[in-house]
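Student: Please read through the structure below; I'll follow up with questions.
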Amino acid sequence: MTTLLAPPQRSTQKSTRPTRRERRAEKRRLKRLDALSAQLAELPRIAALLERAAEVVGTGWVQGAWFAVEVPGGRRAVTAYDISLADDLPVVGACLVGGVVQAGGGPTAVRSQLVQRSLDLVWHVLREEPGQPVRWCPGPRVRMMSVLELTYWNDAPSRSKDEVVGLLVAAQHAASVQQDQCRAEQRELEAVHGS
């Protein structure tokens, strides 16, 4: 018995299955949407931390040290060498960086993401053009240099408490600008999917 097999007919209709390029593009889009959502959740916390930092610095601004603590008989400046005093004694003042650290929970919170990103935003406001995207995760050396630059800026002989508080307030405003930029990008990415 002979069986004739007809060659498979090719459909003239285009496949509805996405191509590899389209799948990769969609994966990148979704990953970016996730990152934007995370950033939108974190920015109000950063703004609140910066508001508390402005209060700490406004109460007692310090130059040449990270913190000032209350000791019997007055105040004592706290540097990196005796930082544990800021954990044990009431903090009554701070420099720019110390204010952010204290507002974030004190010296034990210095490496927390919230404190680090708050410092990233303060540095961004000090050195970058408004409207530029913030570099949220610089490498360790770059971040260390940024913190040193903020420290030198704070300790400049001509610097005033009002300038430091003003920088922290400007960084709070920058957090809301960043939120607006994230929302705009989010809408654009969602519109891409809808089209």
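The values are calculated or read from the model by the stated rules, or taken from the named source; none is laboratory data. Nothing here was measured: the structure is a model prediction, and the numbers come from that model. Counting neighbours? That spans all protein chains shown, and the Cβs are built from the backbone with ideal geometry, glycine included.
Student: Against the definition (outside any helix (DSSP H, G or I) and either within 22 Å of W153 (Cα to Cα) or modelled with pLDDT of 90 or more (or both)), how does A53 come out, yes or no?
Tutor: Taking the combined requirement at face value, the residue does not satisfy it.
Student: Right, here's the next one. Being at pLDDT 90 or above and either exposed (fewer than 11 other Cβ atoms within 10 Å of the Cβ) or not hydrophobic (A, V, I, L, M, F, W, C) (or both) narrows it down to one residue among H193, H173; which is it?
Tutor: H173
Student: Is region 6-18 home to any residue that is of a type outside the set (S, T, Y), part of a helix (DSSP H, G or I) and either at pLDDT 85 or above or surrounded by fewer than 15 Cβ atoms within 10 Å (Cβ to Cβ) (or both)?
Tutor: For region 6-18, residues of a type outside the set (S, T, Y), part of a helix (DSSP H, G or I) and either at pLDDT 85 or above or surrounded by fewer than 15 Cβ atoms within 10 Å (Cβ to Cβ) (or both): absent.
Student: Do you know which residues across region 87-110 are of a type in the set (G, A, S) and either closer than 20 Å to M144 by Cβ or under 23 Å from the mean Cα position of the chain (by Cα) (or both)?
Tutor: The answer is A94, G98, G99, A103, G104, G105, G106, A109.
Student: Return a yes/no flag: does region 144-167 have any residue that is surrounded by 16 or more Cβ atoms within 10 Å (Cβ to Cβ), aromatic (F, W, Y) and modelled with pLDDT of 95 or more.
Tutor: yes
Student: Pull out all pairs, ordered by first then second residue, where Cβ-Cβ is under 8 Å, the residues are six or more apart or on different chains, the first lies in region 79-97 and is more than 9 Å from A68 (Cβ to Cβ) and in contact (Cβ under 8 Å) with a residue 60 or more places away in the chain, and the second is among the aromatic types (F, W, Y) and assigned to a helix (DSSP H, G or I).
Tutor: Taking only residues 6 or more apart or on different chains, the pairs are L96/W153.
Student: Then there's this: List the pairs whose first member sits in region 117-143 and is free of Cβ contacts under 8 Å to residues at least 60 places away in the same chain, whose second member is of a type in the set (S, T, Y), and whose Cβ atoms are under 6 Å apart, counting only residues at least 6 apart or on separate chains?
Tutor: That search, which allows pairs on different chains as well, returns W123/S146.
Student: Output the qualifying pairs, or none if there are none: Cβ atoms under 7 angstrom, residues six or more apart or on different chains, first residue in region 156-179 and closer than 13 Å to L50 by Cβ, second residue outside any helix (DSSP H, G or I).
Tutor: The qualifying pairs are V164/W61; Q178/V134.
Student: What pairs come out if I take residues in region 23-34 that are within 10 Å of L189 (Cα to Cα) and pair them with residues that are of a type in the set (A, V, I, L, M) and in a helix (DSSP H, G or I) whose C-beta lies under 7 Å away, six or more apart or interchain?
Tutor: Between residues of region 23-34 that are within 10 Å of L189 (Cα to Cα) and residues that are of a type in the set (A, V, I, L, M) and in a helix (DSSP H, G or I), the close pairs are R29/L189; R29/V192; R32/L189; L33/L189.
Student: So which residues in region 20-47 are of a type in the set (D, E) and in contact with a helix residue (DSSP H, G or I) (Cβ under 9 Å, 6 or more places away or on another chain)?
Tutor: If the condition is that a residue be of a type in the set (D, E) and in contact with a helix residue (DSSP H, G or I) (Cβ under 9 Å, 6 or more places away or on another chain), then E26, E42 are the ones that fit.
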